[in-house]
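The values are calculated or read from the model by the stated rules, or taken from the named source; none is laboratory data. Please read all numbers here as calculations on a predicted model, not as lab measurements. Note that each Cβ is placed from the backbone with ideal geometry, even for glycine, and that neighbours are counted across all protein chains shown.
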Amino acid sequence: MFSRNSQYSKTSKPSRRNTRLRARQLSHTSHPSSRQTMPSNIPPLSTTEVSTPLAPERSQSWQIAPNLFTSFKYAWAGISYAFHTQRNFRIHTGVGTLALFLCWSLHVSNVEVAIICLTVGAVLVMELLNTALESLVDLTVGQTYHELAKIAKDCAAGAVLMAAIVAVLIAALIFAPPLWIQMNHYFAANAAIAGV
């Protein structure tokens, strides 16, 4: 992410702000006799903190969105990224669309439609969080293998799986009775036609 000669590399000297923060921690201890004096080579703290300039290509990533439209643009970029790169997100989106179509065709109640919408939304949110966590873990460990990274990714995938299982159970509870009624009407109509 940062170049080798960047101020954020591990080999660089501590910044002036970090030195001041360390001096502040040393001077603010709870017992007066355990206070350490601040070294003379550390400049006094000023009331205004000077921000360190960032690389131009990453300057926007550390700033708050200037308006609501930009915030929505960033959020939509995340959803679009997940849809284009994550196969499971596309599968969950398709299954959620099918569930909403079943709500319309089976004429389920408004409360049941709301439950289906919340369930589909929960699964999609879990998939987005899984994608974010996987990206963050990949950023942290890079191309190396780490057991804790595996645990983090497996647990996030397990959370999506649990949400999907619960969504299927809820869909079965909501859709099974009207589907059963529709099937009984269909078979009764066919039997009446065959009996005539």
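Rundown of residues vs (1) of a type in the set (A, V, I, L, M); (2) modelled with pLDDT of 95 or more; (3) more than 19 Å from the chain's Cα centre (by Cα), yes/no style:
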site: VAL160; (1), (2), (3): yes, yes, no
site: ALA164; (1), (2), (3): yes, yes, no
site: ILE170; (1), (2), (3): yes, yes, yes
site: LEU179; (1), (2), (3): yes, no, yes
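Going by what's in this entry, would THR93 be described as at pLDDT below 95, under 20 Å from ALA159 (Cβ atoms) and of a type in the set (Val, Ile, Thr)?
When the stated conditions are applied, THR93 does not pass them.
Could you please find all residues in the range 100-125 being under 24 Å from ASN184 (Cα atoms) and loosely packed, with under 15 Cβ neighbours inside 10 Å?
Answer for the range 100-125, where residues must be under 24 Å from ASN184 (Cα atoms) and loosely packed, with under 15 Cβ neighbours inside 10 Å: LEU100, PHE101, TRP104, SER105, HIS107, SER109, ASN110.
Considering only the range 84-116, state which residues are farther than 20 Å from ILE165 by Cα and not hydrophobic (A, V, I, L, M, F, W, C).
Result: HIS84, THR85, SER105, HIS107, SER109, ASN110.
Which residue pairs have Cβ atoms under 9 Å apart, sit 6 or more places apart or on different chains, and have a first residue in the range 135-149 that is under 21 Å from ALA82 (Cα atoms) and acidic (Asp, Glu) and a second that is part of a helix (DSSP H, G or I) and at pLDDT 90 or above?
Once the first residue is under 21 Å from ALA82 (Cα atoms) and acidic (Asp, Glu) and sits in the range 135-149, its partners that are part of a helix (DSSP H, G or I) and at pLDDT 90 or above give ASP138/ALA149; ASP138/LYS153.
Hey, among ALA167, ALA163, which residue is touching a Ser or Thr at 6+ places or on another chain (Cβ under 6 Å), closer than 21 Å to ALA114 by Cα and surrounded by 11 or more Cβ atoms within 10 Å (Cβ to Cβ)?
ALA167
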